[in-house]
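Comments concern the structure below.
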Amino acid sequence: MLDVDKLVALRAVATHGSIAAAGRELGYTRSAISQQLTALERAAGTALLIRGAKKVTVTPVGRRLIEHTERILAELRAADAVLRQEAGEVSGELRVGVPFGEGPPVMSGALKGVRARYPLLQITLAATTDADGAEEIRRGNLDVVILSRFGATPGPAGTGLRQWELGHDALRLCVPQGHRLAGAETCTVADLRDDPWVVSPRTPLGQLTLNMCAVAGFRPTIAATVDDMAAALGLVDVGWGVTIAPELTSSVRESTLSRIPLPGVWAFRHTVLLARDGEEESPAIAAVIAAVHETSARFGYTT
């Protein structure tokens, strides 16, 4: 029978393309990982890796084996979650990845409520990004992440992950007080073709913004590249440029900017919680999801 630890080593090599990097992730030496992989190939009776001079790649048989590994790990996590559920106690440590400055305020309120309700549960927050959060879950660095997905739907969770949509809010065009469109009931992206923009091409929202400008027939003049939404709104507030942001994103200070609806744009910020597949019955994760749904109505957040 194949050994689960050796299968996990194979998956780590596939992720990093390197035996040494897989060892660093799993806490083993390069030699130890290499020995595990050799033993796994011997048990499988076929080559699972192609060892190049600079990169290690996985064979088609190895890829299929990794797919089975994901399902095996999901079942093991589900079994562990059932045992924790039977214990009837929400306790232990829950490592939560949060994109600080990007998520709506309902998330911090919900997590605070969970911490107060379950004093034996230690919630540790860690900064992450929408781009990196899913991979942090896969590697086991975090237990859950709360992140944003942009578009008409949140999209799929990804291999080995389980996703819950916690709510969504609409995107708005944001302009400073005194702008010619401030106070307008609606406007279009094209109405701001001649304005300077505050946007980050590196972020999912920034990429969506650039796509919306392209569809409107222009390439925006970027006056500032800012990854943090709250900081971007701060720049809009002082008149540095305009931007697109979710309706419920807080600015860094008391703001006078205008957030204008975009007619005909079926795109939202979907706030989702990601965890490893198989952990949906975890008492701690269930507590977080329940708390978010309980508090979301107070913030006008759509679930």
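The values are calculated or read from the model by the stated rules, or taken from the named source; none is laboratory data. Nothing here was measured: the structure is a model prediction, and the numbers come from that model. Quick reminder, even Gly has a Cβ in these numbers, built from the backbone with ideal geometry, and neighbours come from all protein chains shown. Side chains included, ligands, DNA and RNA excluded: accessible areas come from the protein's heavy atoms. Shrake-Rupley method; radii C 1.70, N 1.55, O 1.52, S 1.80 Å.
Structural remarks
- In degrees, nearest ten, helix 60-87 long axis to first principal axis of the chain (Cα): 80
- Rounded to the nearest 20 debye, dipole of the chain from Cβ charges on Lys, Arg, Asp, Glu: 840
- Cα-only Debye scattering, region 22-168: base-10 log of I(q)/I(0) at q = 0.10, 0.17, 0.18, 0.21 Å⁻¹: -0.51, -1.16, -1.23, -1.41
- Distance histogram for region 111-198 (every C-alpha pair counted, 5 angstrom bins, percent rounded to whole numbers): 2, 9, 16, 14, 13, 13, 11, 10, 8, 4, 1
- With only the Cα atoms considered, the chain has a convex hull volume of 157 Å³ per residue.
- Relative to the longest principal axis of the Cα atoms of the chain, the long axis of helix 283-296 makes an angle of roughly 10 degrees.
- Helix 204-215 and the longest principal axis of the C-alpha atoms of the chain enclose an angle of approximately 50°.
- Longest to shortest principal axis, alpha-carbon extents of region 168-303, angstrom: 51, 28, 27
- Note that the chain presents 50 Å² accessible area per residue, ligands and nucleic acids not counted, probe 1.4 Å.
- Charged side chains reduced to their Cβ positions (Lys and Arg at +1, Asp and Glu at -1) give region 174-222 a dipole of some 180 debye around its Cα centre.
- GNM result for the chain, Cα springs below 10 Å: residue of LEU161, LEU40, LEU111 fluctuating most strongly: LEU40
- Taking amide H as placed 1.01 Å from N in the peptide plane, the amide H of VAL242 sits under 5 Å from that of TRP197, VAL198, each at least 5 places away or on another chain.
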